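Read-outs: derived from the displayed coordinates by stated rules, not from any lab. These numbers come from a predicted model, not from an experiment. Heads up, the Cβs are rebuilt from the backbone with ideal geometry, glycines too, and the neighbour counts pull from every protein chain shown.
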Amino acid sequence: MSFGTAALFSFFWSTIKYLIGVGVAMAGFHNPFYGWLFTSTGAMFGVVLFTYSEFWLEGRMRQWFKPKKRFSKTKRRLVWLRLHGGLPLIALLTPLILSIPVGTLLCTTFIQEKHKILLWQGISILFWGGLIFGSLAIFDVNLVQYLKR
């Protein structure tokens, strides 16, 4: 796989599912810095894209449909999640467990300030990218192998 192909695939896969982009980057690049760079910028591009599009989509949905005011199991779980972890917990889980679109959708349900969503998601993406690619660069340990099990 050429450098440009690996860069494009890792960037675009990271906008949707971060771990697939990490796997492509580990297969395509010999230098972990390039993998970290392209997956982190791709994931941040996805966060920005989905944050702004979900605010727009949510506004359109409220115009078209009237929201029902009753509690369900899903709303109770969201309230529990907001009280016990909130935005930092969702941001921490987004790159690995949730996908970028799902994580940003949950963040937009919790908070309306876009800059806070971008800040927490960015911190989380840089943390996970630094942990995965840093362990590969410094200790020569491939954490993605252990996550697949």
Item to check | Unmet requirement for GLY28, which otherwise passes all of (1) under 19 Å from ILE97 (Cα atoms); (2) touching a Ser or Thr at 6+ places or on another chain (Cβ under 7 Å) | outcome: (1)
Checklist entry - If you check every pair at least six apart or on different chains, which have Cβ atoms under 8 Å apart with a residue in segment 113-137 that is touching a residue at least 40 places away in the same chain (Cβ under 8 Å) and aromatic (Phe, Trp, Tyr) first and a residue that is part of a helix (DSSP H, G or I) and surrounded by fewer than 16 Cβ atoms within 10 Å (Cβ to Cβ) second? => result PHE133/PHE33
Checklist outcome for this item: Among residues of segment 34-74 being small (Gly, Ala, Ser) and assigned to a helix (DSSP H, G or I), the residue surrounded by the fewest Cβ atoms within 10 Å (Cβ to Cβ) is GLY59
Item to check | Odd one out for LEU96 among (1) part of a helix (DSSP H, G or I); (2) under 22 Å from VAL22 (Cβ atoms) | outcome: (1)
Checklist entry - Does segment 24-31 contain at least one residue that is outside any helix (DSSP H, G or I) and surrounded by fewer than 19 Cβ atoms within 10 Å (Cβ to Cβ)? => result yes
Checklist entry - Within segment 69-100, which residues are farther than 16 Å from TRP120 by Cα, in contact with a helix residue (DSSP H, G or I) (Cβ under 9 Å, 6 or more places away or on another chain) and among the small types (Gly, Ala, Ser)? => result none
Next on the checklist: If I go through segment 75-116 residue by residue, how many of them are basic (Lys, Arg) and surrounded by 14 or more Cβ atoms within 10 Å (Cβ to Cβ)?
Outcome noted: 3
